1. Mind checking which residues of region 54-87 are out of contact with any Leu (no Cβ under 6 Å at 6 or more places or on another chain), of a type in the set (A, V, I, L, M) and surrounded by 11 or more Cβ atoms within 10 Å (Cβ to Cβ)?
2. Taking Ile74 and the conditions (1) out of contact with any helix residue (DSSP H, G or I) (no Cβ under 9 Å at 6 or more places or on another chain); (2) of a type in the set (Val, Ile, Thr); (3) in a strand (DSSP E or B), which numbered condition does it fall short on, given that it satisfies the others?
3. Across region 57-96, what is the number of residues that are within 30 Å of Leu20 (Cα to Cα) and touching a strand residue (DSSP E or B) at 6+ places or on another chain (Cβ under 7 Å)?
4. Among the candidates Thr29, Thr77, Thr57, Thr67, single out the residue that is in contact with a Cys (Cβ under 7 Å, 6 or more places away or on another chain) and at pLDDT 85 or above.
5. Does any residue in region 45-57 that is at positive phi come within less than 8 Å, Cβ to Cβ, of a residue that is of a type in the set (A, V, I, L, M) six or more places away or on a different chain, and which pairs are these?
6. Applying the selection to region 1-50, what residues are surrounded by 11 or more Cβ atoms within 10 Å (Cβ to Cβ) and either in contact with a His (Cβ under 6 Å, 6 or more places away or on another chain) or acidic (Asp, Glu) (or both)?
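The values are calculated or read from the model by the stated rules, or taken from the named source; none is laboratory data. Everything quoted here is computed from the prediction, not taken from an experiment. Glycine also receives a Cβ, built like all others from the backbone with ideal geometry; neighbour counts cover every protein chain displayed.
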Amino acid sequence: MIAQNASFHGGRDAYTYTYLSDQDVQNATKPLLPTLQAQTLSLLPIPQINPTCSTVTTSSPRVGKETLNAVLRITETCKAFSYHMLSVKDAIRTYGRRFGTLTHVQFTIVGIKGVLMTIYVTATLNPPAMRDTGKFVPET
């Protein structure tokens with residue numbers, strides 16, 4: 001058994017206080033995140049491939065501190081791969097000048113690694129010229 005024989009001096013009387021919790025921060029930010037993410041993604045070029053977003057929330061005062069009010073800062077960072085349709089058309093046109101006219105062109109994105117995007121293109125090739133040997137002769 002522990003006993004306090006001397007008088008206690010100083011200190012503070014017991015009181016109830018309010019503090020900022022993780023749950024408070026989550027409850028305040030959760031309804032805002034879908035709109036914030038949509039607005040952030042709308043700033044990126046279209047089409048967007050594999051978009052990913054991350055959220056960082058900071059508070060003042062920090063979680064666990066006594067307070068009646070808090071200021072939250074939400075930072076939404078989004079990344080997505082994209083391409084310009086004009087670039088794809090230019091690549092197809094360049095290929096066509098070298099090997100012949102391409103018709104019924106369809107393309108599918110099959111891979112992304114780093115900043116390199118692999119596109120699978122299917123098309124009908126109408127060669128510009130054929131020699132009697134049956135070999136393809138590109139136009140110059």
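1. Matches in region 54-87: Leu72, Ile74.
2. (1)
3. Here is the first cut: in region 57-96, the ones within 30 Å of Leu20 (Cα to Cα) are 57-78.
With touching a strand residue (DSSP E or B) at 6+ places or on another chain (Cβ under 7 Å) added as a condition, the list becomes 57-60, 64-67, 70-78.
Residues flagged as within 30 Å of Leu20 (Cα to Cα) and touching a strand residue (DSSP E or B) at 6+ places or on another chain (Cβ under 7 Å) within region 57-96 amount to 17.
4. On the way: Thr29 fails: in contact with a Cys (Cβ under 7 Å, 6 or more places away or on another chain); Thr57 fails: in contact with a Cys (Cβ under 7 Å, 6 or more places away or on another chain); Thr67 fails: in contact with a Cys (Cβ under 7 Å, 6 or more places away or on another chain).
Going through Thr29, Thr77, Thr57, Thr67 in turn, the sole match is Thr77.
5. Asn50/Ala80; Asn50/Ile112
6. Asp22, Asp24
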